[in-house]
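The values are calculated or read from the model by the stated rules, or taken from the named source; none is laboratory data. Keep in mind that this is a model prediction, so the values were computed, not measured. Here the Cβ positions follow ideal geometry from the backbone for every residue, glycine too, while neighbour counts run over all protein chains shown.
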Amino acid sequence: MSEHKATISWKRTSAEFLKGKYSREHTWTFDGGVTVPASSSPSAVPLPWSNPACVDPEEAFVAAISSCHMLTFLYLAYREGFQIDSYDDNAVGVMTKGENGVLWVSSVTLDPKIVYSGEKLPSKGDAHTNNVSLRIPSRLR
């Protein structure tokens with residue numbers, strides 16, 4: 001078993017908190033010491049209460065899924081003797097309204113572009129990686 005820790009920090013900067021007029025900007029600090037500026041997405045909370053320059057939780061969720069997929073793929077490729085030169089993924093998460101009217105990430109589509117080199121190259125039957133679509137079960141909302 002392993003633990004993975006993050007510290008999420010937010011401070012009120014406005015006297016109008018009770019009117020909903022407060023910044024959603026905050027930070028994520030990870031156990032390795034990296035701090036990431038975060039905010040709600042402007043598609044969920046309008047400007048100026050969100051900051052599009054920050055990472056939003058939905059982007060981070062999509063990036064985490066894509067990163068896990070990539071790391072697993074690279075490990076499996078190495079184990080099978082395939083040399084990977086690059087792996088680029090343009091992952092897309094879709095938010096939909098649930099039965100209760102609340103937005104949630106209902107699906108994530110991965111679209112990795114992989115460049116191989118070396119003596120052993122994959123055939124069409126060795127790997128199918130393009131457009132991996134993940135449907136998030138509704139019970140996880």
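Could you tell me which residue of region 91-118 is nearest to Pro42 (Cα to Cα), considering only residues that are of a type in the set (A, V, I, L, M, F, W, C) and touching a helix residue (DSSP H, G or I) at 6+ places or on another chain (Cβ under 6 Å)?
Looking at residues that are of a type in the set (A, V, I, L, M, F, W, C) and touching a helix residue (DSSP H, G or I) at 6+ places or on another chain (Cβ under 6 Å), I get Val105.
Where residues in region 2-18 are among the small types (Gly, Ala, Ser) and over 19 Å from the mean Cα position of the chain (by Cα), which of them is surrounded by the fewest Cβ atoms within 10 Å (Cβ to Cβ)?
Quick first cut of region 2-18, residues among the small types (Gly, Ala, Ser) only: 2, 6, 9, 14-15.
So of that shortlist, the ones also over 19 Å from the mean Cα position of the chain (by Cα) come out as 2, 9, 14-15.
Working: Ser2: 3, Ser9: 10, Ser14: 12, Ala15: 9.
Applying the filter and picking the extreme gives Ser2.
Being at pLDDT 95 or above, over 20 Å from Thr7 (Cα atoms) and buried (at least 17 other Cβ atoms within 10 Å of the Cβ) is true for just one of Ser66, Ser50, Ser23, Ser86. Which residue is that? Spell out the reasoning first.
On the way: Ser50 fails: over 20 Å from Thr7 (Cα atoms); Ser23 fails: over 20 Å from Thr7 (Cα atoms); Ser86 fails: buried (at least 17 other Cβ atoms within 10 Å of the Cβ).
From the options Ser66, Ser50, Ser23, Ser86, the qualifying one is Ser66.
Would you mind stating whether Thr96 is in a strand (DSSP E or B), closer than 20 Å to Lys5 by Cα and hydroxyl-bearing (Ser, Thr, Tyr)? Give the derivation first.
Working: in a strand (DSSP E or B): yes; closer than 20 Å to Lys5 by Cα: no; hydroxyl-bearing (Ser, Thr, Tyr): yes.
For Thr96, the condition - in a strand (DSSP E or B), closer than 20 Å to Lys5 by Cα and hydroxyl-bearing (Ser, Thr, Tyr) - is not met.
Note on region 26-38: among residues that are within 27 Å of Ser14 (Cα to Cα) and out of contact with any Phe, Trp or Tyr (no Cβ under 9 Å at 6 or more places or on another chain), the one that is surrounded by the most Cβ atoms within 10 Å (Cβ to Cβ) is Trp28. Candidates are the residues of region 102-127 that are under 14 Å from the mean Cα position of the chain (by Cα) and aliphatic (A, V, I, L, M); the one that is nearest to Ser67 (Cα to Cα) is Leu110.
Residues in region 104-122: is at least one of a type in the set (A, V, I, L, M, F, W, C), closer than 26 Å to Tyr22 by Cα and not assigned by TED's automatic domain parsing to the domain that holds Tyr22? Scanning region 104-122 turns up at least one residue that is of a type in the set (A, V, I, L, M, F, W, C), closer than 26 Å to Tyr22 by Cα and not assigned by TED's automatic domain parsing to the domain that holds Tyr22. Scanning region 10-39 for residues that are out of contact with any strand residue (DSSP E or B) (no Cβ under 9 Å at 6 or more places or on another chain) and either part of a loop (DSSP other than H, G, I, E, B) or closer than 15 Å to Gly93 by Cα (or both) yields a count of 11.
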